[in-house]
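Asker: Supplied in structure tokens, the structure appears directly below.
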Amino acid sequence: MSTREVDATEPAPVASYDAVVVGAGFAGLYAVHLLRKQGLRVRGFEEAPSVGGTWFWNRYPGARCDIESLDYCFSFSDELQAGWTWSERYAAQPEILRYLEYVAESLDLAREFTFETRVEAARFDEERDRWSVTTTAGDTIDAQFVVLAVGVLSSLKPLDFAGLDDFRGETFHTARWPAEDPDLAGRRVGVIGTGSSGVQVIPMLAERAASLTVFQRTPNFSVPARNRPLESAEIEAVKAAHPERRAQRRRTRSGFIELDPFGELQRFSAEERERILEERWAMGGGAQFLRAFTDVGLDEDSNAYVADFIRRKIRAVVDDPAVAETLVPTGYFLGTKRICVDTDYFETYNRPNVRLVDVRKDPIERFTADGVVAGSEHHELDCVVFATGFDALTGAILDVDIRGRDGRSLRDVWSAGPRTLVGLAVPGFPNLFTVTGPGSPSVLGNVVSAIEQHVEWIDDCLRHMRDHGHATVEATEEGESWWAEQARSSARGLLLEKAESWYSGANIPGKPRALLPYVGGLDTFRRVCDEIARDGYRGFLFDQAATPPERAIGDPVGTTRTLS
Ligand code: NA7
């Protein structure tokens, strides 16, 4: 990356930037845009060959957002908003990817990124108060700040199936779907996993494959999407009201325009409950359905009532009563696994070419050369699709070997569970920011709204540092402990505390259990973060005294430097 001729005996030249941003999804694009706008020299790195982040990788058939597209987009720019028109209520992956390409092109962001390059490690040099970042391309980059915009659901859950290497058929992962869609016509396909990805891909594969065998461990609650083309009148109305809608979105708990809930379920008669739930069911969409009553996430009886409503819907759709019972979710509270949003998911099990295998009863024992053994049965398969999920929230951060003060590894520091201050910073790791990190609301709601808040806060913090001549910022241990308690108390009494899902790390064997996102709502989180900043960044430490002014933020440090 150097432009300077060097002697072969000299250490390799090091490109120097004010900030390195890792990832080119929603978060990375916005971070590069804002930091560049404030005059910082920024370099982005992205493993994929182009922008998109999660929407680049998750290109499996049926991949679609479970938040309505009119809200699942940036709100910060009137121009971006005016220049883009969504075609469907719930956008499919290709359209969201095109949207992110449009954003990158409109803001001229791609030139700030190095693609097909993974950041492998980042080490903080305490002598110089700077990070040394190394990539798979063999480059070392010197930077004052590192912003990890690596995504919440981007590190794959390891595939630990016995005999997998013996399998001679093809395997695919929904989150690494080939750019050229494989031809599955006439093939015997297996799918492992029935979370959001499985629920979306299964109806599509059933239409293409000769036979589809679904290996289900935990059945999921799913609400019909009722996806439809958007009408020009509603699009125009949303565009015309963009400033108000943006303000409204920023005030909400979940980061999208919320329908008002009706109140506590117990206050309503049986007839009224049914009417309300039918109304929300007919509207479609998981998040608004869960929000019909205010206490579904709090009260076990209310939760059970709404869960039963969905169970009845499943039984009404699925023809074979035994198959229906296998598909009916039991044993956990509605909403403690992310609710799915589907198109014809349960209907798919009425097709003659689809078979459901309950791997709770008949666990997957091993792969063979030509199939999968579950229980005592051998299922012959030509290909297997893994929809087995992610090491959520912490996985992609810890995939990077991060060393902070005293050379301490973030993997060690988080070995008993992640600890952050407002999900954005970790004590002992100065000038390192995590976007949608554990302890932030991130995916609980509209992640794009969360990302806008997180990135804008980081941008403001860096501006503050420049204005005050600070070189480093870091979370204090006290700040981190305070936030851990805030996060705990916001979860107290919620059924989410009992989550056995990727929300709590339960899907990854050996991962420490902790409710990973902050559950107090994006509105509260925004207020807390604003208060922190207003109070002179309470809970953070600026290392001004130890920093000569010439190394304050944004000061040029030369375009090419070598690390000592
Ligand atoms: P999820 O929601 O984590 O779902 C993964 C699915 O794979 C789930 O049904 C798992 O069953 C199943 N799974 C995982 N490992 C195994 C093994 N070893 N054997 C059998 N079944 C297994 O991931 P998704 O990709 O669907 O969705 C993630 C999020 O992306 C989603 O919530 C949206 O926000 C977007 P389990 O429940 O563990 O019994």
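Asker: Listed residues 489, 449, 442; which is more than 14 Å from residue 532 (Cβ to Cβ) and without any contact (Cβ under 8 Å) to a residue 24 or more places away in the chain?
Answerer: On inspection, the qualifying residue turns out to be 489.
Asker: Please go through region 275-288 and give me each residue that is at pLDDT 95 or above and either within 25 Å of residue 493 (Cβ to Cβ) or touching a Gly at 6+ places or on another chain (Cβ under 6 Å) (or both), ordered by number.
Answerer: Those that are at pLDDT 95 or above and either within 25 Å of residue 493 (Cβ to Cβ) or touching a Gly at 6+ places or on another chain (Cβ under 6 Å) (or both): 276, 277, 280.
Asker: Please count how many residues of region 109-136 are under 24 Å from the mean Cα position of the chain (by Cα), surrounded by fewer than 21 Cβ atoms within 10 Å (Cβ to Cβ) and not hydroxyl-bearing (Ser, Thr, Tyr).
Answerer: Qualifying residue count for the region: 6.
Asker: Among the residues of region 275-292, write down those that are touching a residue at least 24 places away in the same chain (Cβ under 8 Å) and surrounded by fewer than 14 Cβ atoms within 10 Å (Cβ to Cβ).
Answerer: 282
Asker: A follow-up question, please. Tell me which of these residue 230 doesn't satisfy, since it passes every other one: (1) more than 30 Å from residue 325 (Cβ to Cβ); (2) out of contact with any Phe, Trp or Tyr (no Cβ under 8 Å at 6 or more places or on another chain); (3) more than 16 Å from the ligand (Cβ to nearest atom).
Answerer: Status for residue 230: all satisfied but (2).
Here is a yes/no grid of residues against (1) basic (Lys, Arg); (2) farther than 20 Å from residue 517 by Cβ; (3) buried (at least 19 other Cβ atoms within 10 Å of the Cβ):
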| residue | (1), (2), (3) |
| --- | --- |
| 394 | no, no, yes |
| 468 | no, yes, no |
| 481 | no, no, no |
| 488 | yes, no, no |
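Asker: Of the conditions (1) within 16 Å of the ligand (Cβ to nearest atom); (2) surrounded by fewer than 18 Cβ atoms within 10 Å (Cβ to Cβ); (3) more than 18 Å from residue 411 (Cα to Cα), residue 509 satisfies every one except a single condition; which number is it?
Answerer: All conditions pass for residue 509, except number (3).
Asker: Oh, and also: Which of the residues that make up region 236-273 are assigned to a helix (DSSP H, G or I), at pLDDT 95 or above and surrounded by 15 or more Cβ atoms within 10 Å (Cβ to Cβ)?
Answerer: 265, 273
Asker: Now, a different point. When you check residue 450 against the structure, is it within 14 Å of the ligand (Cβ to nearest atom), assigned to a helix (DSSP H, G or I) and buried (at least 17 other Cβ atoms within 10 Å of the Cβ), yes or no?
Answerer: Yes, satisfied.
Asker: Can you find a residue that is surrounded by 20 or more Cβ atoms within 10 Å (Cβ to Cβ), more than 30 Å from residue 140 (Cβ to Cβ), among the β-branched types (Val, Ile, Thr) and at pLDDT 95 or above anywhere in region 46-64?
Answerer: Looking for residues that are surrounded by 20 or more Cβ atoms within 10 Å (Cβ to Cβ), more than 30 Å from residue 140 (Cβ to Cβ), among the β-branched types (Val, Ile, Thr) and at pLDDT 95 or above, one finds none in region 46-64, hence no.
Asker: I would also like to ask the following. Of all residues in region 425-435, how many are in a loop (DSSP other than H, G, I, E, B), out of contact with any helix residue (DSSP H, G or I) (no Cβ under 6 Å at 6 or more places or on another chain) and touching a residue at least 60 places away in the same chain (Cβ under 8 Å)?
Answerer: 3
Asker: Here is a further query. I need every pair where a residue in region 216-233 that is within 13 Å of residue 337 (Cα to Cα) and at pLDDT 95 or above has its Cβ under 6 Å from the Cβ of a residue that is of a type in the set (Ser, Thr, Tyr) and within 13 Å of the ligand (Cβ to nearest atom), sequence separation at least 6 or different chains.
Answerer: Going by the 6 Å Cβ cut-off, the qualifying pairs are 220/194; 222/345.
Asker: What's the number of the only condition in (1) crowded, with 19+ Cβ neighbours inside 10 Å; (2) within 28 Å of residue 439 (Cβ to Cβ); (3) away from the ligand (no atom under 16 Å from the Cβ); (4) of a type outside the set (S, T, N, Q) that residue 139 fails to meet?
Answerer: Against the list (1) crowded, with 19+ Cβ neighbours inside 10 Å; (2) within 28 Å of residue 439 (Cβ to Cβ); (3) away from the ligand (no atom under 16 Å from the Cβ); (4) of a type outside the set (S, T, N, Q), residue 139 comes up short only on (2).
Asker: Specify the residue that is surrounded by the fewest Cβ atoms within 10 Å (Cβ to Cβ); the eligible residues are those in region 411-424 that are touching an Asp or Glu at 6+ places or on another chain (Cβ under 8 Å) and not in a loop (DSSP other than H, G, I, E, B).
Answerer: Among them, the one singled out is 411.
Asker: Let me ask another. Looking at region 328-358, which of its residues are closer than 13 Å to residue 213 by Cβ and among the acidic types (Asp, Glu)?
Answerer: Within region 328-358, 358 is the sole residue that qualifies.
Asker: Restricting the first residue to region 192-208 and requiring it to be farther than 14 Å from residue 384 by Cβ and charged (D, E, K, R), which pairs with a second residue that is more than 6 Å from the ligand (Cβ to nearest atom) and part of a helix (DSSP H, G or I) meet a Cβ separation below 9 Å and a spacing of at least six or different chains?
Answerer: That search, which allows pairs on different chains as well, returns 207/348.
The values are calculated or read from the model by the stated rules, or taken from the named source; none is laboratory data. Just so you know, these numbers come straight off a predicted model, no measurement behind them. Note that we place each Cβ from the backbone using ideal geometry, even for glycine, and neighbour counts take in every protein chain shown.
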